[in-house]
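Undergrad: Have a look at this one.
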Amino acid sequence: QVQLVESGGGLVQAGGSLRLSCAASGSIFSINAMGWYRQAPGKQRDLIATITSGGSTSYVDSVKGRFTISRDNAKNTVYLQMNSLKAEDTAVYYCNVFPVIRSYWGQGTQVTVSS
């Protein structure tokens, strides 16, 4: 059974930083591209960053230059380093494979940025 467990969220002031972690079960991690997604209150869940099994990354424009996705294949963990946070980054953050598999969604981790 696949499990994805996100952690590292919290309350931070605008301009601050957080690092999110996503621990994945081993059977999927080494072969799949992974993504970070977020869902703001009242909005749909959107993809914000991806990383392939080989380490190639991509970002949506709204986080490009501020967020960095990375992965540690030995630890089956994917990270999201978030710098220069803005109030509009407030959301629940999730990881999943890319493209998503709905049954893999975890609980997410809340990020709140105060302005």
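Any read-out appearing in this document is the output of simple, stated calculations on the displayed coordinates, not a laboratory observation. This one's a predicted model, so the numbers in the text were calculated from it and none came from an experiment. Reconstructed Cβ throughout: ideal geometry from the backbone, glycine too, with neighbour counts over all protein chains shown.
Undergrad: Applying the Karplus parametrisation 6.51 cos²θ - 1.76 cosθ + 1.60 with θ = phi - 60° to the phi angles of segment 64-74, what ³J(HN,Hα) value in whole Hz is obtained for each residue in order, glycine and proline being reported as x?
TA: For segment 64-74, the Karplus-derived couplings read 4, x, 10, 10, 9, 9, 8, 9, 10, 5, 5 Hz, x marking Gly and Pro.
Undergrad: Fully extended, how many nm does the chain gain between Lys75 and Gln39 (0.36 nm per residue separation, minus their Cα-Cα distance)?
TA: Gain on stretching Lys75 to Gln39: 10.4 nm.
Undergrad: Can I ask one more? Can you figure out the FRET efficiency of Ser17 with Thr57, using R₀ = 22 Å and their beta-carbon distance, to the nearest 0.05?
TA: Step by step, r from the Cβ atoms, then E = 0.75.
Undergrad: Go ahead and set up a Gaussian network model of the chain, Cα springs under 10 Å, then flag whichever of Asp61, Asp72, Asp89 fluctuates most.
TA: Comparing Asp61, Asp72, Asp89 in a Gaussian network model of the chain, the most mobile one is Asp61.
Undergrad: Follow-up. Could you work out the relative contact order of segment 1-57? I mean the mean sequence separation of Cα pairs under 8 Å and 6+ apart, divided by the number of residues, in percent.
TA: Value for segment 1-57: 26 percent.
Undergrad: Sticking with this structure for a sec: Given labels modelled 7 Å from the Cα in the Cβ direction, how far is it in nm from Glu88 to Ser115?
TA: 1.0
Undergrad: For the chain, what relative contact order do you get, as a whole percent, if you take Cα pairs closer than 8 Å and at least 6 residues apart?
TA: Contact order relative to length: 37 percent.
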